[in-house]
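See structure below.
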Amino acid sequence: MAKVQLTDREYPHIVETGLDRNTHVRVDLFVDLQGDDVERMLHAFGMLQDTPPTEAQRLLLINYVCRHTTRSNTSHCIVWSPTSCTYVSANGPAVDGDRPPVADHCDARDYDRVPFRTVDCTVIALPEGRYNEYLSVRLLDADHVEVSSASPAMIGYLDETPTFGTDPILPFLDADGDFVPPTHFRGVKVTGVMKGPILLGPIQPDGTIRHVVRRWPADVWDACRKVAEGTLPKETLLAAWHAVAPSSDTLNLVGVRLAA
């Protein structure tokens, strides 16, 4: 593990983009995970200077992330500022943008200062025996709805290797060294603990199955059945539609119930 300490600067940082949740990664941790010399690379990227990276230093970081992205077949975004970023994917050239993606922080150094970001959605329990226990429904815009599988969100990875002197599990060990889970973490209620330990929070879309459909009952219900991988009770379908139904809904509710 590298001994260098990175100054507490927000930019640039790297976002690992995923279907269910984007992850904010500090540049020093990203380099360390690749097994490279952290101090040497941070110096090359301009991360150890008081001024922003130069164009040459930015290009070095972009090329570094591009190489990793190609090897791992993943997608990333380098965020230079709140209004400047560079998207990097395994299947195309780097593309500059002005709307950086929203991302969750999974670095233990950020846990104390960054609340867990929850998605505003309606969670519906699925019948017992289904592979997915929950589905979530949320309105993306006036015309589109996201229907996704959902599960308790992982809000704290306390099993991470100590990073740059920070061991995330230490605050939760008692005098005997036994783990005592907190009741709340990063501003949300802890609902469970996975082996690791990994702290679980509120139920959130997990992206295992995700459909974006028109804001129309039949489309929403069809997406719900796909997430559930089977038929659903009328009550479940109606709950899904009411979660995203227009406030001035002029649909014939009797017809809607029959269709469900």
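Summing -39500 (n - 2.57) over the DSSP H runs of n ≥ 4 in the chain and dividing by its residue number, what mean residue ellipticity at 222 nm do you reach, to the nearest 500 deg cm²/dmol?
Details: 6 runs with 63 residues, N = 260.
That calculation yields -7000 deg cm²/dmol at 222 nm.
Please provide three numbers in whole Å: the alpha-carbon extents of the range 82-152 along the principal axes, with the largest listed first.
Its Cα atoms span 45, 35, 27 Å along the three principal axes.
Measure nothing but the geometry: give the 0 to 90° angle between the long axis through the Cα atoms of 217-228 and the longest principal axis through the Cα atoms of the chain, rounded to 10°.
Once rounded, the angle reads 60 degrees.
Treating the angle as unsigned and between 0 and 90°, give the value, to the nearest 10°, between the Cα long axis of helix 234-244 and the longest Cα principal axis of the chain.
The helix 234-244 is inclined about 60 degrees to the chain.
Along the charge dipole of the chain, Cβ charges K/R +1 and D/E -1, which of Cys85, Ala245, Val123 sits furthest on the positive end?
So the residue we want is Ala245.
With Rg and the Kirkwood Rh both taken from Cα atoms, where does Rg over Rh land for the range 13-105? List each step's numbers first, then the result.
Numbers: Rg = 12.4 Å, Rh = 13.3 Å.
Across the range 13-105, the Cα-based Rg/Rh ratio is 0.93.
Rounded to the nearest 20 Debye, what is the dipole magnitude of the chain about its Cα centre when Lys and Arg each give +1 and Asp and Glu each give -1 at the C-beta?
Numbers: 24 positive and 35 negative charges, 154 e Å.
In debye, rounded to 20, the chain gives about 740.
Rounded to a whole number, what is D in µm²/s for the range 117-244 from Stokes-Einstein with the Kirkwood radius over alpha-carbon pairs (25 °C, 0.890 mPa s)? Write down the numbers at each step before the final one.
Working: Rh = 16.3 Å.
After rounding, the answer is 151 µm²/s.
Trypsin sites (Lys or Arg not before Pro) within the range 38-142: which are DSSP loop residues with at most 15 other Cβ atoms inside 10 Å?
Arg113
Hey, got the dipole for the range 20-101? About the Cα centre, +1 on K and R Cβ, -1 on D and E Cβ, debye to the nearest 20?
Working: 7 positive and 10 negative charges, 51 e Å.
My answer is approximately 240 debye.
Projecting each Cα onto the charge dipole of the chain (Lys/Arg +1, Asp/Glu -1 at the beta carbon, about the Cα centre), which of Tyr64, Phe179, Leu158 comes out farthest on the positive side?
Of the options given, the answer is Tyr64.
What nm value, rounded to one decimal, do you get for the distance between Asp120 and Arg99 when each label is placed 7 Å out toward the C-beta?
1.7 nm
Students often get this wrong, so try it: which of (1) 32; (2) 20; (3) 68 is percent of Cα pairs over 34 Å apart as calculated from the structure shown?
Answer label, from the structure shown: (1).
Since every read-out is calculated from the coordinates, none of them should be taken as a lab result. Worth saying up front: this structure is predicted, and the values here are computed from it rather than measured. Virtual Cβ from ideal backbone geometry, glycine too; neighbours counted across all protein chains shown.
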